[in-house]
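See structure below.
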Amino acid sequence: MRTNQPQTIYLSEYKVPAYLVDHVDLRFELFEDGARVHSTLSVRRNPESAEAGAPLFLHGDSLKLESVALNGSVLAAGDFEDRGDALIVPSVPEQFELQVVTWIEPQNNTRLEGLYKSSGMFCTQCEAEGFRCITFYPDRPDVMARFRTRIEADKGAYPVLLSNGNSVAQGELENGRHFVTWEDPFPKPAYLFALVAGDLVEKKNTFTTCSGRNIDLRMYVEPRNAQKCDFAMDALKRSMRWDEDVYGREYDLDIFMIVAVDDFNMGAMENKGLNIFNSSCVLASQDTATDATFQRIEAIVAHEYFHNWSGNRVTCRDWFQLSLKEGFTVFRDSQFSADMGSPTVKRIEDVTLLRTAQFAEDAGPMAHPVRPASYMEISNFYTLTIYEKGAEVVRMIHNLLGDELFRKGSDLYFERHDGQAVTTDDFVKAMEDASGRDLSQFRLWYEQAGTPVVSVEDDYDADKGVYGLTIRQNIPDTPGQTGKKPQHIPFAMGLLDSKGQPLPLNISAGEQDGPLERVLELTEAEHRFEFHGLAERPVPSLLRDFSAPVRVQYPWSREQLLFLMSHDPDGFNRWDAGQRLAVDVIQSLVGTPEQAEVEPRLADAYRKLLNDASLDQALVAKMLLLPSEAYLVELAEQADVPAIHAARERVLKHLAQELKDDLLACYQRNREQGDYQLGPDAIARRSLCNTALGWLMSIDDERARELALEQFRSADNMTDRLGALRALVNSGFAADREQALESFYQRFSDDPQVVELWFSVQASSGQAGQLPHILQLLEHPAFDWKNPNKVRSVVGVFAGQNLAAFHNPDGSGYQFLAGQVCRLDDSNPQIASRLVTPLTRWRKFAPAYSSQMKAALEGIRDKDNLSRDLYEVVHKSLA
Ligand code: 0A1
Ligand code: ZN
């Protein structure tokens, strides 16, 4: 196990590597009881390093060293030090070959880092520091080498042998074994290395690039999944074309491979030419995947593919720069998804995630800048801040520069840094150089943690016809960072007259035909903007399209929100006005007696949405979703979750009661007729039906029950089937719930991805997902502690989505989670450390809850042999 008191690593202590590796030659002998790895490194002293004569330092983790040789001579025990976590050779020439042989045990690797086995196949995960679990190596992203990899294994059990690059040789060996050799012509850091060996079926396709090169596309999956590859393959082709069209990026190898594995800590991994995916993020069919799954698969396939340029051809100098590749690539995949569907809907989804989860992270004990200054365990920094806020930062640069200059900037970045390992600062510099814009203050977005609060006050002088906005920004303190400087915030806005018409934004008295929308650039702690020639007091539309990742404070009246909900020309802000109104209504009911009146205008507004066929139905489908409990908790000062849950339920039931007939009509109108389609209209229709059904079932409506049972029986796709199952599980019709769960399981018990959905529907249900039932799920034969997806779908979903049950006032939810986290820490620290997140937010909750959450965390802290991953998170959240 790892050390108990991990060291902190600081960005300020970065030093260039003392040695560089030009070439790596790997030979893997794969067996059932382990694997022997022969590695030959061509090493030379780094001319840029000041450390002349430094010892050679190679990282290692859980390796059994068999031999070390330097330039062909085996080293004696005194000539090197095997420290366990490192191999040190004190004296080496300027240039040399080092041969190292290690023995590893992939079959016992439950951490799923390095080389491990999943459903009988060998596979790897090397980001961030997994390569050191395979062999001794300078495992840091600024050491880039060319890799040649020979894999040897039993031919019957492992007919498919894959690694990065192009396959250059293959042949038979003795004892029924065979080998394949792969060569990757592009220098890469070790974290992009990959190997797969298994009995997999191959799905083939081709893509012709913009310059006319034919690329072989391959998917490798277990035979039972052969019918679930088409969607991902098509998504890959769409991504390849899009990256050529929008960023001018052409694919560079002759082959591109995707492999699906069941046991995987994250979503997927962008290994050069050989992307490895969590099965749940790549396999799909009409019968087994929901619309949300299809959309997620498309986005993740695109994300991993886009990394080929933003991450692989240009990579990170060190792990503090992680957002260089992740923020930029998330921005690119969100642009892609917007282009493939509805940009407004995509924006709503991204902002929902950001405001619910990233804002919470940025206000919690693990808050860190987009470019962190220190860490103990880098795996803990694959966060919403690095990914989602990082993407928002790139989006702001895009908005400040505009399409054309941004493209000039990205071209310059790729050209200038191709084949290099660079920093976020290099990225910003390329944007500055290409555009001529000064982004020096903007760089604070990378350095300062915390979500800026932008508060807006307005005034109107009827005599002069002048409307004024006073805008202030404040960035809250976060652990280790106080007294922050104002940031450069692009703040998009418009003004509407009382009929809902957009008004010209004249910022001087003489101006007449000002633009209808402006991006105000906030750079000071306080600004004042004046708009002239206004005959009446306008209604402001603020932070359009969520132009910056900030919290806006403005004293909206309910009238203004209702008005913006139906008139704002910015689709995102229409949705946002609806959310703000619903939040206001729910918040005002928290802790009030059962009979307190629910704002009647909310139901009126929703009725309008339900009945106006001229509206974009995809937007309506989003507008009808009430703010989640998690978001309401994020907004609360000292959250009392059961009270928030009760208030939200009251509003939901009130709306269901008031809108019964409209909901039924909406359901009937949108219920799918004819063939199943996966286009945006069909997705919106299914979403509307499932929302209507869910609302009606929340009041145990008998007609809805019949519709749900019928939909469950006759559905020809998983969105409808799961929508009906969810509605039944969340209703009071207990017998129907049991029957539906049983028949669903019987039908899909062979399909792990569907079983995960089945687990999560129960674990998230306020009706069915109480702790005793969760404990039963953990005993279910389909549950598997070694499989991260199963753990997430029960334990993660319970603690993250079933908030009222998790925050049971008796503290049982907290004790439960702490127990599972401790148990998992011994087998898979990365998963344990992610799963503990809900407890780390203990300061956010009312004292009766927070004290018990803290006690649960202290229990974890006192466990023996805490992993570095869990140590960092638990200690920082108790500090
Ligand atoms: N780079 C991958 C995600 C990833 C990160 C870390 C992992 O192990 C600790 C695995 C995958 C991506 O952004 O898709
Ligand atoms: Zn990524």
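Each value in this text was obtained by applying a stated rule to the coordinates, not by laboratory testing. Keep in mind that this is a model prediction, so the values were computed, not measured. Here the Cβ positions follow ideal geometry from the backbone for every residue, glycine too, while neighbour counts run over all protein chains shown.
Details
- The mean sequence distance of close C-alpha pairs (under 8 Å, at least 6 residues apart), as a share of the length of the chain, puts its relative contact order at 9 percent.
- Residues ASP234, ASP291 arranged by fewest to most Cβ contacts within 10 Å: ASP234, ASP291
- Signed unit charges on C-beta, dipole axis of the chain, positive-most listed residue LEU696, LEU11, GLY571: LEU696
- Rounded to whole Hz, the Karplus (6.51, -1.76, 1.60) HN-Hα couplings of region 134-139, x for glycine and proline: 9, 7, 6, 6, x, 7
- Residue order, fewest to most surrounding Cβ atoms within 10 angstrom, among SER374, SER285, SER12: SER12, SER374, SER285
- Folded to 0 to 90 degrees: helix 734-748 orientation relative to the chain principal axis, Cα: 30
- Under 20 Å from the Cα of LYS155 - lysines, other chains or at least 8 residues apart: LYS117, LYS203
- Convex hull volume per residue for region 22-199, taking Cα atoms only, in Å³: 115
- Take the convex hull of the alpha carbons in the chain; its mean projected area over all directions comes to 37.3 nm².
- Cα shape, region 390-522, gyration tensor, a/c 1.5 rule: oblate
- Listed cross-link partners LYS325/LYS844; LYS204/LYS272; LYS188/LYS346 are compared with a 22 Å cut-off, the Cα-Cα value being larger for LYS325/LYS844; LYS188/LYS346.
- Computed log₁₀ I(q)/I(0) - Debye formula, equal Cα scatterers, no solvent, region 200-280, q 0.14, 0.23, 0.27 Å⁻¹: -0.47, -1.14, -1.39
- Angle in degrees between helix 868-878 and the longest Cα principal axis of the chain, rounded to the nearest 10: 30
- Rounded if a/c under 1.5, otherwise prolate or oblate - region 533-605, Cα gyration tensor axes: prolate
- Only Lys, Arg (+1) and Asp, Glu (-1) charged, at Cβ; region 22-199 dipole about Cα centre in debye: 220
- All Cα-Cα separations within region 556-699 were binned at 10 Å from zero, giving a P(r) of 11, 40, 36, 11, 2, each value a whole percent of the pairs.
- Hz values of 3J(HN,Hα) by residue in region 476-492 - Karplus curve (6.51, -1.76, 1.60), Gly and Pro given as x: x, 5, 9, x, x, 9, 10, x, 7, 7, x, 9, 8, 10, x, 10, 7
- Calculated [θ] (222 nm, deg cm²/dmol) that DSSP helices of n ≥ 4 give over the chain, each run adding -39,500 (n - 2.57): -12000 deg cm²/dmol
- Percent RCO, i.e. relative contact order, over region 288-351, from Cα pairs under 8 Å lying at least 6 residues apart: 31
- Across region 482-593, Cα pairs under 8 Å and at least six residues apart give a relative contact order of 26 percent.
- Between HIS875 and ALA509, the FRET efficiency from the beta-carbon distance, with R0 = 51 Å, is close to 0.30.
- Packing-based order for 600-611, 390-401, using average beta carbon neighbours within 10 Å, highest first: 390-401, 600-611
- Assigned charges on the beta-carbon of Lys, Arg, Asp, Glu; the chain dipole about Cα centre (debye): 380
- Nearest 10 degrees, 0 to 90: helix 230-247 Cα axis against the chain principal axis: 90
- Which of THR592, THR344, THR40, THR206 has the fewest Cβ neighbours within 10 Å, and the rest in rising order: THR206, THR592, THR40, THR344
- Across LYS408/LYS484; LYS389/LYS484; LYS389/LYS429, pairs whose alpha-carbon gap is larger than 22 Å: LYS408/LYS484
- Tensor-based shape of region 314-446 (alpha-carbon gyration tensor, a/c under 1.5 rounded, otherwise prolate or oblate): oblate
- Region 481-526: trypsin sites (Lys or Arg not before Pro) falling in loop per DSSP and having at most 13 other Cβ within 10 Å: LYS499
- With a simple spin-label model that places each label point 7 Å from the Cα along the Cα-to-Cβ direction, the separation between GLU174 and GLN286 comes to 5.5 nm.
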